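Okay, so here's the structure we're looking at.
Laboratory data are not the source of any read-out in this text; all were calculated from the coordinates shown. Remember, predicted model here, so these are calculated numbers, not experimental data. Methodologically, a virtual Cβ is constructed for each residue, glycine included, from the backbone with ideal geometry; neighbour enumeration extends over all protein chains shown.
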Amino acid sequence: MIFKKRQRPLTVQKLEALVRRLPENHPKRPLVEKDLVKRLAGYRGEKAVDFHLMDVPNKQSLILHDLRLKASSHYFQLDTIILTQTFILLLEIKNISGTLYFDENFQQMIRTYNEKETAFPDPLLQIQRQEKQLANWLVEQHLSVLPIKSYIIISNPATIIKTSPRNYRIKDRIMHAANLPNKWATLEQMYLEEKAEWKEIKKLARSLLKKDTPLVTDVLGNYSIPISDILTGVFCSTCLHSMMERKKGSWYCPLCLSKEKDAHLQALQDYYLLIDSSIMNRQCRDFLHVSSDSVARKLLIAMNIPFSGTNKGRVYHFFEGKNDNG
């Protein structure tokens, strides 16, 4: 059973908003677009593995995606964790094209793509560290400790995996996503003894979900982009960056003449992703290019989001919690 679904990463959403809101000739735009392509490739690779997880018997298992947990003074990330009464399975997903050679002598992964070699840290060291971090986290939380197994999953079926003949650890720890159901069947035969009751497994899943702390990034700060560089206004979804105008309760595009009722919602979502998790009437008017404070107030109230303060001091909160950029 899927206990926590895989969602579009917040960092991807922020980068998409940044691409929408950067001028075409902005000097940082190529870098932002490149990073977005990489992030999207990783997300799509994870979604591809989820397809194969559908073939894994899940009657007595709980699957959680994209967890970020705090261990002592630092955080660690888990792509996918599967809880059963006999073992815990960790999956670290890699969406990498080309030929991957795992060098056991220097503990590195070498990717050959378009006749170019690139070295990466050994992902086996990564999952070994994740196993230890999770085991320590379970002890800190006073939760049942089950045997932990972990694998590197290569999501791209066209990727070639190579290593030296004597590197036996690769065969047991790294695989293409299509082999996941077969590996699951092997694990079920290996771990037959129930180490925990089902109610304990559900308690563990709830604890993982409660302690999950998604990474919140300040993308403008990361790229040293001032807020003044961000394009404001309501974009037309038909002709993209053409600015829409507010007329008679709707948004009109002067270029393609299309009409939209809620075009401002994407603009305010971009404001939340890039600038702040709360907004005042004046800031709303400036960002949407609306002159009337009553129109801005109606748009914000219609979103049915929490607010604090009164009159001109009222603040509308897109997200109740820590400021994304704070």
Sequence-distant or interchain residues sharing an amide H contact under 5 Å with I174, placed H: which? I152
Rg followed by Dmax, in Å, when the range 141-234 is reduced to its Cα trace: 21.6, 61
Take every DSSP beta bridge with both residues inside the chain and express the antiparallel ones as a percent of the total, to the nearest 5. 70
Counting DSSP beta bridges in the range 48-175, what percent are antiparallel, to the nearest 5? 65
With a cut-off of at most 15 other beta carbons within 10 Å, and DSSP calling the residue loop, which chymotrypsin sites (Phe, Trp or Tyr not before Pro) in the range 176-208 qualify? Please list them. none
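Out of the range 155-252, which GluC sites (Glu not before Pro) are coil in DSSP terms and have no more than 11 other C-beta atoms within 10 Å?
E193, E197
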When the C-alpha atoms of the range 171-326 are aligned to their principal axes, what extent does each axis show, in angstrom, from largest down? 68, 39, 33
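Work through the residues other than E104 whose Cβ is under 14 Å from its Cβ and net out their charges, Lys, Arg +1 and Asp, Glu -1.
Working: positive: K162, R166, R169, K171, R173; negative: D103, D122, D172.
Combined, the nearby Lys, Arg, Asp and Glu give +2.
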Ordered by fewest other Cβ atoms within 10 Å, a rough proxy for footprinting exposure, H264, H289 read H289, H264
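Grab the beta carbon distance between R282 and K247, set R0 = 35 Å, and tell me the FRET efficiency rounded to 0.05. Please report the intermediate quantities before stating the final value.
Details: r = 22 Å, r/R0 = 0.62.
Efficiency for this residue pair is about 0.95.
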Between K210 and K38, what's the calculated FRET efficiency when r is the beta-carbon distance and R0 is 22 Å? Round to 0.05. 0.10
For D276, D262, what ranking results if the residue with the fewest other Cβ atoms within 10 Å of its Cβ goes first? D262, D276
The range 98-156: relative contact order in percent, alpha carbon pairs under 8 Å with at least 6 residues between: 21
Ranked output for segments 163-169, 92-98 by mean other Cβ atoms within 10 Å, highest leading, reads 92-98, 163-169
Just how far, in whole angstrom, is the range 234-257 from the range 32-106 if you go by their alpha carbon centroids? 40
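Show me the ranking of peptides 8-15, 206-213, 267-274 by mean Cβ neighbours inside 10 Å, starting with the highest.
Working: 8-15: 18.2, 206-213: 14.0, 267-274: 20.6.
The most tightly packed comes first, giving 267-274, 8-15, 206-213.
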Assuming a ≥ b ≥ c are the square roots of the Cα gyration tensor eigenvalues, decide whether the range 2-211 counts as rounded (a/c under 1.5), prolate (otherwise, with a/b larger than b/c) or oblate. oblate
Among M243, M109, M280, which comes first, then next, by fewest other beta-carbon atoms within 10 Å? M243, M280, M109
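Given the pairs K70/K203; K94/K199; K28/K149, which are separated by over 30 angstrom at their Cα positions? Don't skip to the end; give the middle numbers.
Details: K70/K203 18 Å; K94/K199 32 Å; K28/K149 41 Å.
Exceeds cut-off: K94/K199; K28/K149.
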Add +1 for every Lys or Arg and -1 for every Asp or Glu among the other residues with Cβ under 10 Å from the Cβ of F3, and state the total. +4
Net charge within 13 Å of Y151 by Cβ-Cβ distance, Lys/Arg positive one each and Asp/Glu negative one each, not counting Y151 itself? +2
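Tell me, Kirkwood radius of the range 66-138 from alpha-carbon pair distances, in Å? Kindly include the intermediate steps, with their values, before the conclusion.
Working: mean 1/r = 0.0711 Å⁻¹.
With all distinct Cα pairs of the range 66-138 included, I get 14.1 Å.
Calculated from DSSP H runs of 4 or more alone, at -39500 (n - 2.57) each and per residue, what is the 222 nm mean residue ellipticity of the chain, nearest 500? Each step should come with its number before you reach the end.
Working: 10 runs with 118 residues, N = 326.
Result for the chain, helices only: -11000 deg cm²/dmol.
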